[in-house]
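Take a look at the structure set out below.
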There are 2 protein chains.
Amino acid sequence: MRVVRVGHRYVRDYRTLTHLCLVSRALGAEAIYLEEVESELLETVDAINKTWGGDFEVREGKWKKVFHDAKKEGRTIIHLTMYGTPLQDEISNLRKHDSFLVAVGGPKVPGEVYKMADYNIAVTSQPHSEVAALAITLHDLQKGEELKKVFGDYKLKIIPSPRGKQVEQKT
Amino acid sequence: MRVVRVGHRYVRDYRTLTHLCLVSRALGAEAIYLEEVESELLETVDAINKTWGGDFEVREGKWKKVFHDAKKEGRTIIHLTMYGTPLQDEISNLRKHDSFLVAVGGPKVPGEVYKMADYNIAVTSQPHSEVAALAITLHDLQKGEELKKVFGDYKLKIIPSPRGKQVEQKT
């Protein structure tokens, strides 16, 4: 599972970009591709990997090259857009594939993205959040199995608890 | 379905706050409660309602009062926290209830929130995004039915399309 964010970032987008990275990591993607990777973001994600485990990667890549590489590798490209076909109508078809590149739009998505994607998928046709659309798509594609993912080589691990906070610390 | 965000906002949180509002709206909640409602945010959500329909509300309210009111109304309070019980382990229990207040944390969540909530639920025990955690919870609680919600009294409506953009404009 890979994720790509199409488009350049705006200044106020930093937090959204961080959320896109962390959601991709937490929900089982191996990497996210961004058009520009700033060192601050990279440090944030590295720190999360070191503390909470796993080897999720933030990679720099222009969307078109990332799309072409995905096609070569046999990945199905799912572009998330409020203009697309409802997720619930296509989910059975999507699940027939086993390797994906999920593309989320930034401020300006070129028309070519719609053409090159295998599927243009809408998580509701209402305006909301690319972070939420990505989360629901990753969740449904993997049938919720991603929630059970174990992250290796961690320093901290949460012990789920009905009340309060329990954290295991590796010494 | 109602949502409350516990805690005050930081300056750089404006976008996250907007996403929480729009995700709540798009995924079928009737209202979100925030500790402080700024006019800019209210205008954004009002504009979305006017254009895309529905009557979703952003309401101002201190979390404790919102929790107390929810209890009086018989709502089940689900507090989303990475320290909680995995969503996938509790979802069948949660679905036995039919009226909810979903609480998402801001920067500092008081310990009392963990005690007053009926459930403390984790959407993975990894750090990611309250927007994503909210989206997956609303989605699973409503078994995906929320994706079919129709918003009344709209000016614009998207006609789902496998390629490109189709929008119906009410005249």
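Structure above, values below:
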read-out: Mean separation of Cα contacts under 8 Å (6+ apart) over length of region A:18-72, as relative contact order %; value: 42 percent
read-out: Summed side-chain charge close to A:Q126 - residues other than A:Q126 whose Cβ falls under 10 Å, Lys, Arg +1, Asp, Glu -1; value: +3
read-out: Net charge of Cβ neighbours under 14 Å - reference A:R163; Lys, Arg +1; Asp, Glu -1; value: -1
read-out: Candidates per chymotrypsin sites (Phe, Trp or Tyr not before Pro) in region B:1-50, loop by DSSP, up to 15 other Cβ within 10 Å; value: B:Y10
read-out: Using a 7 Å Cα-to-Cβ projection, A:Y14 label spacings across copies, nm, ascending; value: 1.4
read-out: Anisotropy class of region B:1-69 from Cα gyration tensor, a/c 1.5 cut; value: oblate
read-out: Region A:1-114 - percent of accessible surface contributed by carbon and sulfur, probe 1.4 Å; value: 49 percent
read-out: Other-copy label distances relative to A:D89, 7 angstrom Cα-Cβ extension, nm; value: 3.9
read-out: Sequence-separation-based contact order of region A:22-171, relative, with Cα cut under 8 Å and 6+ spacing, percent; value: 28 percent
read-out: Rounded, prolate or oblate (a/c below 1.5 giving rounded, otherwise prolate when a/b exceeds b/c) for region A:47-150 by Cα gyration tensor; value: rounded
read-out: List of region B:116-140 residues, accessible area with partners at least 50 Å² below that of the chain alone (1.4 Å probe); value: B:T124, B:Q126, B:P127, B:H128, B:I136, B:H139
read-out: Accessible surface, per residue, of the protein assembly as shown when the full set of protein chains is kept, probe 1.4 Å, Å²; value: 45 Å²
read-out: Prolate/oblate/rounded label for the protein assembly as shown (Cα gyration tensor, a/c 1.5); value: oblate
read-out: A/B buried area, accessible surface, summed, 1.4 Å probe, Å²; value: 4500 Å²
read-out: Under 15 Å, Cβ to Cβ, from A:Y83 - net charge with Lys/Arg +1 and Asp/Glu -1; value: 0
read-out: Inter-part distance where region B:130-171 and region A:41-87 are each reduced to a Cα centre, Å; value: 24 Å
read-out: Using a 7 Å Cα-to-Cβ projection, B:E43 label spacings across copies, nm, ascending; value: 3.5
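The values are calculated or read from the model by the stated rules, or taken from the named source; none is laboratory data. Computed from a prediction, not measured in an experiment: that's the story for all the values here. Heads up, the Cβs are rebuilt from the backbone with ideal geometry, glycines too, and the neighbour counts pull from every protein chain shown. The area values use the complete protein model at the heavy-atom level, side chains included, leaving out ligands, DNA and RNA. Shrake-Rupley method; radii C 1.70, N 1.55, O 1.52, S 1.80 Å.
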